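Structure first, then comments.
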Amino acid sequence: MSNDEEPLESAGYAAIVTLSVQWGDQDAFGHVNNAIPLRWFETSRIRLLEENGLGDLMNGAELAPLVASIACHFRRQVTYPDTVCVGTRVAELGRSRMTLTHAVYSQSQQRIVADGETVVVFVDRRAQRPTRIPAQVRAALGKRGRGALLGG
């Protein structure tokens, strides 16, 4: 992990990805379009699953982690060129859902520029119904998925 990721790591973000801001990420207002941080959250969310041995959930497994809701709080404008570090951690594990928190750290601004939450519901693909998070998934997410703020 680079030194630029340390603010997220020290804040307990378990999965951190470093991404270059693309020229095409900007909109007519000259800053990163509102939809882009949601894609960054997705990239970090998938990294969290993969780093915890749960990447197969994204490839047609019986259990599917589906986004039920997502929110982004835009703190500062981001422009090209920049590099961002995007962190994700498990904030809460419920019966059939988990709440993730995300933060976007701008290397050029040296601060958090956006943060947000995603609620993921675990669904049985065949029944198309929410299902209890299996013990092995819960254990995997509890290992590294939970940040320092949650004692993980």
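The values are calculated or read from the model by the stated rules, or taken from the named source; none is laboratory data. What you see is a predicted model, and the numbers here were worked out from it, not measured in a lab. Counting neighbours? That spans all protein chains shown, and the Cβs are built from the backbone with ideal geometry, glycine included. Protein only, heavy atoms only, side chains kept; ligands, DNA and RNA dropped before computing areas. Shrake-Rupley method; radii C 1.70, N 1.55, O 1.52, S 1.80 Å.
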Check whether at least one residue in the range 42-53 is at pLDDT below 95 and either in a loop (DSSP other than H, G, I, E, B) or hydrophobic (A, V, I, L, M, F, W, C) (or both), and report yes or no.
yes
Which one of these is surrounded by fewer than 17 Cβ atoms within 10 Å (Cβ to Cβ) and in contact with a Gly (Cβ under 9 Å, 6 or more places away or on another chain): Y80, Y105?
Y80
Condition test on S20, is it open to solvent by 30 Å² or more (accessible area, probe 1.4 Å) and in contact with a strand residue (DSSP E or B) (Cβ under 6 Å, 6 or more places away or on another chain)?
yes
Please determine whether any residue of the range 97-105 is modelled with pLDDT of 95 or more, in a strand (DSSP E or B), more than 19 Å from I16 (Cα to Cα) and touching a strand residue (DSSP E or B) at 6+ places or on another chain (Cβ under 7 Å).
yes
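Residues are listed down the side, and each one gets a yes or a no for (1) within 29 Å of E6 (Cα to Cα); (2) in contact with a Cys (Cβ under 6 Å, 6 or more places away or on another chain); (3) surrounded by fewer than 18 Cβ atoms within 10 Å (Cβ to Cβ):
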residue: F74; (1), (2), (3): yes, no, yes
residue: I112; (1), (2), (3): yes, no, no
residue: G116; (1), (2), (3): yes, yes, no
residue: F122; (1), (2), (3): no, no, no
In the range 15-37, the residues that are touching a residue at least 60 places away in the same chain (Cβ under 8 Å) and either of a type in the set (D, E) or not in a loop (DSSP other than H, G, I, E, B) (or both)
A15, I16, V17, T18, L19, S20, P37
